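The values are calculated or read from the model by the stated rules, or taken from the named source; none is laboratory data. Computed from a predicted structure; not experimentally measured. Counting neighbours? That spans all protein chains shown, and the Cβs are built from the backbone with ideal geometry, glycine included.
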Amino acid sequence: MANPVDPRVNLVGRTPGEIATLLEDVVDRSFRARQVAQWIVDRNATDFAEMTNLSVELRAELGRHFRIADPEILDRSASGDGSVKWLFGLSDGVTIEGVSMPENGKLTMCLSSQAGCAVGCTFCVTGALGAGRNLGPDEIVGQYRVMLRQLEEPVDRVNIVFMGMGEPLLNTGNLGPALETLYERVSPKRITVSTSGILPGIRWLAGLPRRPKLAVSLNAPDQERRQRLMPIAKRYPLAELMTELRAFPLERGRRITFEYVVIRDLNDRVADAGALARLIRGIPCKINVIPLNEDPEHFPDHRRPDDETINRFAVTLRDAGHTVTVRWSKGLDVDAACGQLKGRRQSRLPG
Ligand code: SAH
Ligand code: SF4
């Protein structure tokens, strides 16, 4: 793990352009900086020693000024279906989680954007942890780098979803640079940012020259229930959110994903599905119905509906003309855990 007082600048999470600027005073010719960027961004290098097309002297000089530091793997739990839940340690001892899910030659990575979440949704364990600090671009991109490095079999492509710990649109200052670096390897159309409906953040996304895909967690079809489940809805009311989303610029063929966590007797009735269908009518979208991942310790009153109720909910949406998927949890629930991560709070585990 990186030393918290290490004064050397971390090159992870920087775009090739940023690396060139940082290296200006250390390398004599600009193509050298491009070579360094290639090693770090394209080839996922972890040490200057790997950069065999640079002289030994230059590598040593780089190591005096810069470091290449990724989150440390503290723990890893695999489920039968190949999903892996990762526990990462950051340089100040903070822990975060991520999930990788392989499927048909492609790997979906669920990354964290913050170490906790201030939004405080009443069904989410990350929210129950309370606010956690923003992750830097190095810590965001570092999760991708570590997961990629640990792959046992090569994959055709990687999808990234920001559905791990935290609210990405409350960390746009770091998310923006991290996205720019990720775009070097992963197309914006393979990256999804999931938000609880932070309006200034959605406007920020709308203004980006290169946009990732947008997912919005609705979780209720009306303001009254939404603000009970998601207190942030008081600040950013549902009506304003929907107006903003109707104006959101969508690239050709793109759709907004609406996430809807179904909770027994709270938002799982056929009438709720009907209201949801009407609420989002006309928006190019798909709906991801997520059966609640129960956590009796934090939320003893919130239960997962039975399968029949979940199916009826999904079918009602489909009959209303919407594209719907249900995220059935499988294996050890690692998949379902994406979006419900805890980032164990105890101090460092043995590496
Ligand atoms: N803060 C962002 C992204 C992280 S949460 C957001 O809220 O969209 C990612 C997804 O996990 C959200 O759709 C959220 O509603 C869902 N989620 C949170 N807690 C859950 C739980 N206990 N069971 C199932 N899904 C949950
Ligand atoms: Fe934060 Fe998203 Fe969890 Fe709500 S659902 S508390 S916004 S991480």
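For the stretch 73-82, does any single residue satisfy the condition of being buried (at least 21 other Cβ atoms within 10 Å of the Cβ), under 28 Å from His302 (Cα atoms) and touching a residue at least 40 places away in the same chain (Cβ under 8 Å)?
No: the stretch 73-82 contains no residue that is buried (at least 21 other Cβ atoms within 10 Å of the Cβ), under 28 Å from His302 (Cα atoms) and touching a residue at least 40 places away in the same chain (Cβ under 8 Å).
Within the stretch 39-58, can you find the residues that are assigned to a helix (DSSP H, G or I) and crowded, with 17+ Cβ neighbours inside 10 Å?
If the condition is that a residue be assigned to a helix (DSSP H, G or I) and crowded, with 17+ Cβ neighbours inside 10 Å, then Trp39, Ile40, Val41, Phe48, Leu58 are the ones that fit.
Restricting attention to the stretch 204-235, which residues are in a loop (DSSP other than H, G, I, E, B) and over 30 Å from Thr181 (Cα atoms)?
Asn219, Ala220, Pro221, Asp222, Met230, Pro231
Read through the list (1) more than 11 Å from ligand 2 (Cβ to nearest atom); (2) at pLDDT 95 or above; (3) in contact with a helix residue (DSSP H, G or I) (Cβ under 7 Å, 6 or more places away or on another chain), then give the number of the only condition that Glu139 fails.
Failing condition for Glu139: (3).
Residues in the stretch 22-42: is at least one modelled with pLDDT under 95, within 20 Å of Leu148 (Cβ to Cβ) and not charged (D, E, K, R)?
no
Can you name the residue in the stretch 119-132 that is part of a loop (DSSP other than H, G, I, E, B) and more than 10 Å from ligand 1 (Cβ to nearest atom) and is also farthest from Phe299 (Cα to Cα) among such residues?
Residue satisfying both the conditions and the ranking: Gly132.
Among the residues that make up the stretch 296-316, is at least one of them touching a Gly at 6+ places or on another chain (Cβ under 8 Å), in a loop (DSSP other than H, G, I, E, B) and either modelled with pLDDT of 95 or more or not hydrophobic (A, V, I, L, M, F, W, C) (or both)?
no
Can you confirm whether Glu153 is outside any loop (DSSP other than H, G, I, E, B), surrounded by fewer than 21 Cβ atoms within 10 Å (Cβ to Cβ) and more than 16 Å from ligand 1 (Cβ to nearest atom)?
no
Looking only at the stretch 101-121, which residues are touching a Lys or Arg at 6+ places or on another chain (Cβ under 7 Å) and surrounded by fewer than 22 Cβ atoms within 10 Å (Cβ to Cβ)?
Matches in the stretch 101-121: Lys106 only.
Yes/no per residue for (1) more than 14 Å from ligand 1 (Cβ to nearest atom); (2) over 30 Å from Ile68 (Cα atoms):
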position	(1), (2)
Asp138	yes, no
Val146	yes, no
Ser187	yes, no
Ile198	no, yes
Gln227	yes, yes
Glu244	yes, yes
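Cβ-Cβ distance below 6 Å, separation of 6 or more or different chains: which pairs start in the stretch 179-199 with a residue that is in a helix (DSSP H, G or I) and end on one that is acidic (Asp, Glu)?
Cβ pairs passing all conditions: Leu199/Glu244.
Do you know which residues across the stretch 49-72 are within 16 Å of Ala20 (Cβ to Cβ) and without any contact (Cβ under 8 Å) to a residue 24 or more places away in the chain?
Met51, Leu54
Would you point out which residue out of Val9, Val94 is under 21 Å from Asn174 (Cβ atoms), under 19 Å from the mean Cα position of the chain (by Cα) and either surrounded by fewer than 18 Cβ atoms within 10 Å (Cβ to Cβ) or among the aliphatic types (A, V, I, L, M) (or both)?
None of the others qualify; the one that does is Val94.
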